[in-house]
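The values are calculated or read from the model by the stated rules, or taken from the named source; none is laboratory data. These figures come from a predicted structure and were not determined experimentally. Ideal geometry is used to build each Cβ from the backbone, glycine not excepted, and the neighbour counts take in all protein chains shown. Ligands, DNA and RNA are stripped out before the accessible areas are found, and what is left, the full protein with its side chains, is counted by its heavy atoms. Shrake-Rupley method; radii C 1.70, N 1.55, O 1.52, S 1.80 Å.
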Amino acid sequence: MASAEEQAADIICFPECFVPGYRAEETNTPVDSEWMEQAWAQIDAQAGELGIMVILGTEHIREDRKPMISARVTNADGACVGFQDKVELDPSEEPIYVAGNERRLFQCGDVNFGIVICHEGWRYPETVRWAARQGAQVIFHPHFEIIEDPNHKPAQFADPSNTFHEKAAMCRAAENTCFYATVNCALAGSTTTSAVIDPEGTLIAHQPYGE
């Protein structure tokens with residue numbers, strides 16, 4: 001967050017479930033709600049101190065239900081303005097998480113933005129279309145990838161020999177005429193990286209794979 005603020009960023013977006021970490025079936029251990037609240041409070045305080053908006057990939061637990069995959073948005077004044085829960089779960093997530101049921105927009109200055117999380121951004125174009133139709137100029141796409149081959153390294157963004165995912169991100173931007181910011185952890189073997197794509201579907205910038 002401090003590094004982003006030093007580079008004059010107004011918004012920083014973290015990958016899916018960055019706090020407390022993405023659960024696989026072998027890590028299906030409940031997270032202490034008090035610990036989570038303390039973590040959020042620290043992030044909110046830092047956002048207010050730095051004057052930067054934060055999109056945090058996290059979990060969101062409602063009542064006594066299973067956790068939701070979510071993005072928690074904190075304003076530059078340190079106030080939490082709400083959550084975007086993941087509506088379309090990957091089938092592998094269904095034993096662990098419960099799906100959300102609504103979508104919303106957020107605002108940073110004059111910029112309206114929406115959030116789609118991982119699987120729903122890759123395979124459910126209507127999630128991005130909804131935000132664009134409501135006036136979003138930017139769609140943030142926090143995601144997390146379970147690595148299958150740690151030695152894999154794409155030669156270029158949207159490498160023809162790579163998976164469809166980065167090509168889908170370019171489609172989401174072009175078909176909705178909006179900016180698309182997709183955000184992954186920097187893991188060895190990732191088939192996707194963090195990138196920003198313009199409304200023409202053209203790559204503006206991306207993070208080198210694994211860095």
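Considering Cα pairs under 8 angstrom that are at least six residues apart, work out the relative contact order of the chain and quote it in whole percent.
Relative contact order for the chain comes out at 15 percent.
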What is the sum of charges around Ala158, taking Lys and Arg as +1, Asp and Glu as -1, for the other residues whose C-beta is under 11 Å from the C-beta of Ala158?
-1
Give the aspartates and glutamates whose C-alpha is closer than 15 Å to that of Lys86, dropping any in the same chain fewer than 8 places away, or say none.
Glu16, Glu59, Glu94, Glu102, Glu120, Glu126
Carbon and sulfur %, accessible surface of region 110-164 computed with the full protein complex present, 1.4 Å
47
Considering only C-alpha atoms, what is the centroid distance from region 111-148 to region 154-194, in Å?
12
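Based on the Cβ-Cβ distance from Ala205 to Asn101, what FRET efficiency comes out when R0 is 22 Å, to the nearest 0.05?
Efficiency computed from Cβ-Cβ geometry: 0.05.
From the square roots a ≥ b ≥ c of the eigenvalues of the alpha-carbon gyration tensor of the chain, which class results: rounded (a/c under 1.5), prolate (a/b over b/c), or oblate?
rounded
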Could you please report the charge total around Ala205, scoring K, R as +1 and D, E as -1 over all other residues with beta-carbon less than 15 angstrom from its beta-carbon?
-4
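So what's the net charge close to Gly121: Lys and Arg +1, Asp and Glu -1, counting the other residues with Cβ under 15 Å from its Cβ? Each step should come with its number before you reach the end.
Details: positive: Lys86, Arg103, Arg123, Arg129, Lys167, Arg172; negative: Glu16, Asp85, Glu88, Asp90, Glu93, Glu120, Glu126, Glu145, Glu166, Glu175.
After counting each charged neighbour, the total is -4.
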Would you please put 1-10, 49-58 in order of how densely packed they are, using the mean number of other Cβ atoms within 10 angstrom per residue and starting with the highest?
49-58, 1-10
Per residue of region 191-202, what does 6.51 cos²θ - 1.76 cosθ + 1.60 with θ = phi - 60° give for ³J(HN,Hα)? Whole Hz please, x for Gly and Pro, Karplus curve as stated.
8, 10, 9, 6, 7, 10, 10, 8, x, 8, x, 9
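Can you tell me the accessible area per residue over region 129-211, all protein chains present, probe 1.4 angstrom, in square angstrom?
Per-residue value: 50 Å².
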Within straight-line cross-link reach of Lys153, aspartates and glutamates at Cα separation under 13 Å, skipping those fewer than 8 residues along the same chain:
Glu211
Can you tell me the length gained on complete extension of the stretch Ala4 to Trp35, counting 0.36 nm per residue apart and subtracting the Cα distance?
8.6 nm
Would you check the accessible area of Arg72, probe 1.4 Å, heavy atoms only, in square angstrom rounded to 10?
20
Rounded to the nearest 500, what is the 222 nm mean residue ellipticity of the chain from helices alone, with -39500 (n - 2.57) per DSSP H run of 4+ residues and division by all residues?
-7000 deg cm²/dmol
